[in-house]
Ligand code: CTP
C-alpha cells in the first residue's frame, strides 16, 4: 500500500509525524511531499525519521527527479492523501493549477485523492471554500472532516483537522482492506451510548452517556482492520469511517440487535450505558398530572453483556464498569460474576466520565490489569483496542479462525 502524503502549510501540520506513524503501523509505505509553507510548521528531519524516506518538496530537484520523477511518484501512489489540506491547496486543486510538486502529483495521479482540511472556521465556512469543497466532492475527491472544536487561533468552530488515527481509519477503509492491522479479518461488535426507556409517548428514562467512548473504540477497532458493527443508542456523533451503525432506542432493541450481530463476531465490547430498569407499562397517551404523587413500576431490562458472555459459543467479551467509588474492586467483581474476558473500569461523576472528551481507565482481566492515565478518549480507545487484541490472541491463540468468513478484497 503506497501513500503519497501531501502536507500543506497549516498549523495542523505538526500532527503529520503522528499520522505517518499511524499509516505505517498498518504496513503502508508513506512518501511525504511538502509544500514550501508546510516547512514553516514541521521539520523535514522529523518527517524523514518517521517515514524512512527522503522528503520531496521541490518540483525542480534534479537528483530527486532522477531517482523517481513526479510522474513516477503519481503512478506509484495507491492513495494521495493531503493532511492538512489548506483552503489554498483546495483552491489550487479545483483550478487544476500545478505550480508545485504536490499539486502536479494531484493532476497526474489516477489514485483516489483524500483531503483532510484544516483551517480557521471562518475560512472553512467562506462561500469560496465551500464551493471548492462541493466541486471536489462532485469530482469524487474524499473530504475527511474537518472536525468541530477549539482551534489553534483560540476560536471554536468547524475547521480542526481530524485526529491522525481517524484519518488513518478512513484511508484504511478506502484502501479496501489492503492495510494490515492487529484486528484484520475479525468482526467486532460494540454497544454504545445510552438507551431510552419510554414512559409514555413523550417521556422516557435515560442517562448521561454521550456514546463518545464507544464510538472512539469503534473507530480504533476499524483502524486495526476489523469489521466493526456498533449497536448504538441515541447519540449525536458522526459515524466513524469504515464502521456500520445500527441505531436502536431501548435496552430490549439493543439486546435483540446485539444477539443477532454477535452470532459471527470474534469480539464483543459492551460500552453502552444500558438502562437496568424500564417502566413495566408504557402509557398509550401522555400521562396527565392528576395526582399529587405518582409512581412508576419498573422491571429489569435484559443484561446484554451477561447474556452474550453466557452464550455457548461466546465471542471474546469485554465489559465496561462505570463506578463512582471502589472502581477496581467493583469492576473485578463484575468481571468474575459476568464471566467476562476483560473489563474496562472508569470513574464517573459530576466532574469526569460522561460527555467529557477525556477519560482514564483501568483494564482488568483474570490474572492482570493495566492502568491508563487521563488522556483523550481517542487515544485511550486506541490503547484499549491494542490491549484487547493482545489478550484476544493470548487467550484464543493467534491462529484462531475468524468466525466471520471474510470475502477478501483481492487486487
Ligand atoms: N450492561 C449491559 N446490559 C445491561 C446493563 C449493563 O450490557 N442491561 C453492560 C454495560 O454495557 C457495561 C457493563 O454491563 O459493559 C456494566 O454495566 P454497569 O451498569 O456498570 O453495571 P451493572 O452490571 O449494571 O451493575 P450496577 O448497576 O449494580 O453497578
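If I filter the stretch 18-30 down to residues being touching a helix residue (DSSP H, G or I) at 6+ places or on another chain (Cβ under 9 Å) and surrounded by fewer than 19 Cβ atoms within 10 Å (Cβ to Cβ), which single residue comes out as farthest from residue 165 (Cα to Cα)?
First, the residues of the stretch 18-30 that are touching a helix residue (DSSP H, G or I) at 6+ places or on another chain (Cβ under 9 Å): 18-26, 28-30.
Among the residues that remain, those that are also surrounded by fewer than 19 Cβ atoms within 10 Å (Cβ to Cβ) are: 18, 21, 24-25, 29.
Numbers: 18: 9, 21: 9, 24: 11, 25: 10, 29: 16 Å.
For the stretch 18-30, the residue satisfying everything is 29.
May I ask you to list the residues in the stretch 265-292 that are away from the ligand (no atom under 12 Å from the Cβ) and under 24 Å from the mean Cα position of the chain (by Cα)?
Going residue by residue through the stretch 265-292, those that are away from the ligand (no atom under 12 Å from the Cβ) are 265-267, 279-292.
Matches in the stretch 265-292: 265, 266, 267.
Could you grab me the full set of residues in the stretch 127-175 that are in a loop (DSSP other than H, G, I, E, B), out of contact with any strand residue (DSSP E or B) (no Cβ under 7 Å at 6 or more places or on another chain) and farther than 21 Å from residue 106 by Cβ?
To start, the set of residues in the stretch 127-175 that are in a loop (DSSP other than H, G, I, E, B) comprises 139-141, 144-146, 151-155, 161-163, 175.
Then keep just the ones that are out of contact with any strand residue (DSSP E or B) (no Cβ under 7 Å at 6 or more places or on another chain); that gives 139-140, 152-155, 163.
Selection gives 152, 153, 154, 155, 163.
The rows are residues; the columns are (1) surrounded by fewer than 23 Cβ atoms within 10 Å (Cβ to Cβ); (2) within 11 Å of the ligand (Cβ to nearest atom).
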| position | (1), (2) |
| --- | --- |
| 299 | yes, no |
| 308 | no, yes |
| 323 | yes, yes |
| 333 | yes, yes |
| 338 | yes, yes |
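Which of (1) crowded, with 17+ Cβ neighbours inside 10 Å; (2) assigned to a loop (DSSP other than H, G, I, E, B) is the odd one out, the single condition residue 313 does not satisfy?
(1)
Could you tell me whether residue 317 is touching a helix residue (DSSP H, G or I) at 6+ places or on another chain (Cβ under 7 Å), closer than 30 Å to residue 149 by Cβ and more than 9 Å from the ligand (Cβ to nearest atom)?
Values: touching a helix residue (DSSP H, G or I) at 6+ places or on another chain (Cβ under 7 Å): yes; closer than 30 Å to residue 149 by Cβ: no; more than 9 Å from the ligand (Cβ to nearest atom): yes.
The answer is no for residue 317.
Test of understanding: among 228, 248, which residue is in contact with a helix residue (DSSP H, G or I) (Cβ under 7 Å, 6 or more places away or on another chain), more than 11 Å from the ligand (Cβ to nearest atom) and under 22 Å from residue 284 (Cβ atoms)?
Numbers: 228 fails: under 22 Å from residue 284 (Cβ atoms).
Checking each option against the conditions leaves just 248.
Please work out if residue 262 is within 16 Å of the ligand (Cβ to nearest atom), part of a helix (DSSP H, G or I) and within 23 Å of the chain's Cα centre (by Cα).
On the way: within 16 Å of the ligand (Cβ to nearest atom): yes; part of a helix (DSSP H, G or I): yes; within 23 Å of the chain's Cα centre (by Cα): yes.
Against the criterion (within 16 Å of the ligand (Cβ to nearest atom), part of a helix (DSSP H, G or I) and within 23 Å of the chain's Cα centre (by Cα)), residue 262 qualifies.
Does the stretch 125-143 contain at least one residue that is modelled with pLDDT of 90 or more, surrounded by 12 or more Cβ atoms within 10 Å (Cβ to Cβ) and over 18 Å from residue 93 (Cβ atoms)?
Within the stretch 125-143 (the criterion being modelled with pLDDT of 90 or more, surrounded by 12 or more Cβ atoms within 10 Å (Cβ to Cβ) and over 18 Å from residue 93 (Cβ atoms)), the answer is yes, since at least one residue qualifies.
The values are calculated or read from the model by the stated rules, or taken from the named source; none is laboratory data. Source: prediction; values computed, not measured. Quick reminder, even Gly has a Cβ in these numbers, built from the backbone with ideal geometry, and neighbours come from all protein chains shown.
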